[in-house]
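Chemist: Quick one: the structure is below, and I'll ask about it shortly.
The values are calculated or read from the model by the stated rules, or taken from the named source; none is laboratory data. Owing to the predicted nature of the structure, the values given are computational and were not obtained by experimental measurement. Ligands, DNA and RNA are excluded from the accessible area calculation, which covers all protein heavy atoms including side chains. Shrake-Rupley method; radii C 1.70, N 1.55, O 1.52, S 1.80 Å.
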Amino acid sequence: MRGFLWVLIPVMRLDRLLESRLASSARQVRLLLLGGEVRVDGAVERDPRRQVGKFSRIEAEGALLQAREAVYLMLHKPRGCVSATRDARHRSVLDLVDHPQREELHLAGRLDFNTTGLLLLSNDGDWTSAITQPGQGMAKTYRVETRDEITPDYAERFRAGIFFRYENLVTQPAELRILAPRLALLTLFEGRYHQVKRMFGSFRNPVLALHRVSIAEVALDESLAPGEYRALLPEEIALLRGAPSAGDPLP
Ligand code: URA
């Protein structure tokens, strides 16, 4: 329940947090603060109304009350690996991560078992929700290799939208750039089940290889081999924080 509240309320007053964590009265907390016994991110804090977040480091009377550090990772997902935190039968993407806060991590979106490319992981629920929210329109670009030739009419059909019978809907306009007879870049602004494969499937053209190149303005770091990961840079985290960016409407 507490974790759920943190998602809804990203910041709260320091005195309220201390009262609940220390099971103390408002008066006791006030005295601690006035006595210089409380530190936020290493510095003494006396203001009871100071806003603190779920990743603030908070100490009271020398004891650590909260020490969660925000973790943001980009992973080059390899083939043959499940986009889940654990899986009974197969290797999961989390099995590839060796990080002290590994157990706190969750995925910002998923890729199919044999799809490769950019996958984002974090313990910041607000951030991952912003990326995965269906209405967010965050651009996701895939490199697609197919069995048969990709002709220019694919671009028109993908821009107009493909009817998905099961969901009874038409897909959002998508952008296709043909790179070679059987190779293209496809940018989607939504994420439906097996969406890329189903879109090419509507032409009866099976996808042979699928690789996610980027999400919004953040591209997979080319120095990462399949299975490797690195921390996101602060500017990458900011770019992905609710940025509609590349999801601007298509002309
Ligand atoms: N579309 C697919 O069909 N598969 C993926 O893994 C991602 C998008």
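Chemist: If you count only protein heavy atoms and use a 1.4 Å probe, how large is the accessible surface of Val71, to the nearest 10 Å²?
Modeler: Looks like 10 Å² after rounding.
Chemist: For Phe163, Phe113, Phe189, Phe200, what's the largest-to-smallest order of accessible area, 1.4 Å probe?
Modeler: So the residues, ranked largest to smallest area, are Phe163, Phe113, Phe189, Phe200.
Chemist: Using Cα springs under 10 Å in a Gaussian network model of the chain, which residue among Arg13, Arg241, Arg212 shows the largest mean-square fluctuation?
Modeler: Answer for the Gaussian network model of the chain: Arg13.
Chemist: Given a 1.4 angstrom probe, I'd like the percentage of the accessible area of the chain that is carbon and sulfur, rounded to a whole number.
Modeler: Carbon-and-sulfur percentage of accessible area, whole number: 52.
Chemist: May I ask you to rank Leu208, Leu186, Leu239 by accessible area, largest first, using a 1.4 Å probe over the protein chains only?
Modeler: Leu208, Leu239, Leu186
Chemist: Kindly state, as a whole number, the per residue volume in cubic angstrom of the convex hull around the alpha carbon atoms of the chain.
Modeler: With only Cα atoms used, the chain gives 159 Å³ per residue.
Chemist: Take each uninterrupted DSSP H stretch in the chain, measure its Cα extent along the helix axis, and return the ones at 30 Å or beyond whose mean Kyte-Doolittle hydropathy is at least -1.0.
Modeler: Membrane-span-like by this criterion, though nothing is claimed about a membrane: none.
Chemist: Hey, another quick one. Quick one: give the max-minus-min coordinate of the C-alpha atoms of segment 12-66 along each principal axis, largest first, in Å.
Modeler: Principal-axis extents of segment 12-66 (Cα, largest first): 25, 19, 18 Å.
Chemist: How would Ser129, Ser56 rank on accessible area, largest to smallest, probe 1.4 Å? Please list the in-between numbers first.
Modeler: Values: Ser129 45, Ser56 15 Å².
I get Ser129, Ser56, largest accessible area first.
Chemist: Asp126: accessible area at probe 1.4 Å, nearest 10 Å²?
Modeler: Looks like 50 Å² after rounding.
Chemist: Right, another one. Could you tell me the accessible area of His106 in Å² (1.4 Å probe, neighbours in place), rounded to the nearest ten?
Modeler: Using a 1.4 Å probe on the heavy atoms, I get roughly 60 Å².
Chemist: Sticking with this one: So how much slack lies between His90 and Val44, counting 0.36 nm per residue of separation and subtracting their Cα-Cα distance, in nm?
Modeler: 11.8 nm
Chemist: On to the next question. Using a 1.4 Å probe, what is the accessible area per residue for the chain, in Å²?
Modeler: Numbers: 13630 Å² over 251 residues.
Accessible area per residue, the chain: 54 Å².
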